[in-house]
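The values are calculated or read from the model by the stated rules, or taken from the named source; none is laboratory data. All values reported here derive from a predicted model rather than from experimental measurement. Positions of Cβ are backbone-derived with ideal geometry, glycine not excepted, and every protein chain shown enters the neighbour counts.
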Amino acid sequence: MFGYVMIHKPELKIKEYETYRSVYCGLCRTLHEEYGRCGQMTLTYDMAFLVLLLNGLYEPKLRQERHRCIAHPEEKHRMCMGRYTEYGADMNVLLAYHNLMDDWLDDRNVLSLAAATAIRKRCRRAAQKYPRQNRAMVRELRRLQTYEKDKEMNIDKVSGCMGKLLGELFVCEKDIWSGSLYRMGFFLGKFIYLMDAYADLEKDKREGKYNPLVPLSGREGFEEEVLGMLNMMMAACAREFEKLPILDNVQILRNILYSGVWERYAAVSGGRKRSGEDNKK
């Protein structure tokens, strides 16, 4: 479900892209150091965005290192790490673990169980360190699971589970910025759920799987309705972001919120339009 919160590279300056990449690679290395190869494989753009956001807001002391990695073995490249890189790594793996366990419980997916087992022991440490966030993941994913079993078609209610989950993750510590951070995560989480449902719609219809957008998809003006919902979520998310006193990397963060998150939508929407035009021929 994750992987939508990415940069739009063509609109970034070279220096901005290198900064983003150093944060992303720093998160990847931290996942490897703390959770091994299995943990490293859970890396998402979404948590890289969270690390970048928290770094910009709190301006922690960062360390810059240069390393080779499996993905880029030819030369060493810059990696930026700090307190919130570790937080992002913990949240990344906890979220992956709970999702894998849900896959096992829902579909008896043996591969999901094996992957979850590989990171379970270290996940317990992260869960003890961040009990509020861990409880939110368990609570909201179970609620989402119940909605899916009951075929709940209230899109606001269903997407709200991912909103509440991500809202709690965005709040690393309780302070004067907690409200805006929570609301940012809440609306971004709802956007991610809606975007995922939209991206999977045709596949879910073919396979007879649950998708709360299915009842809406046959109506006239469906595409405009979905776009309106997505715009509403991102507008609310961006409004909360602009309340935060962020100077460092603000242009990269704006690139993601105002442009990057729409890349997958453009691809899916464009493909659907082309498919519709082909069917008319």
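The table below lists the values:
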item	result
Complete set of residues in segment 119-154 that are farther than 23 Å from residue 171 by Cβ and of a type in the set (Val, Ile, Thr)	119, 146
Number of the exception - residue 224 against (1) surrounded by fewer than 19 Cβ atoms within 10 Å (Cβ to Cβ); (2) at pLDDT 90 or above; (3) part of a loop (DSSP other than H, G, I, E, B)	(3)
Helices (runs of 4 or more DSSP H) contained in segment 1-120 and holding at least 1 residues on the phi > 0 side of the Ramachandran plot and not acidic (Asp, Glu)	14-40
Yes/no for residue 81 being of a type outside the set (Val, Ile, Thr), under 30 Å from residue 211 (Cα atoms), modelled with pLDDT of 85 or more and buried (at least 16 other Cβ atoms within 10 Å of the Cβ)	no
Yes/no for residue 93 being over 18 Å from residue 22 (Cα atoms), buried (at least 16 other Cβ atoms within 10 Å of the Cβ) and either modelled with pLDDT of 90 or more or of a type in the set (Lys, Arg) (or both)	yes
In segment 112-131, the residues that are free of Cβ contacts under 8 Å to residues at least 40 places away in the same chain and either over 15 Å from residue 102 (Cβ atoms) or small (Gly, Ala, Ser) (or both)	112, 114, 116, 121, 124, 125, 126, 127, 128, 129, 131
Subset of segment 186-221 [of a type outside the set (Phe, Trp, Tyr), touching a residue at least 60 places away in the same chain (Cβ under 8 Å) and out of contact with any Lys or Arg (no Cβ under 8 Å at 6 or more places or on another chain)]	188, 192, 196, 212, 215, 216
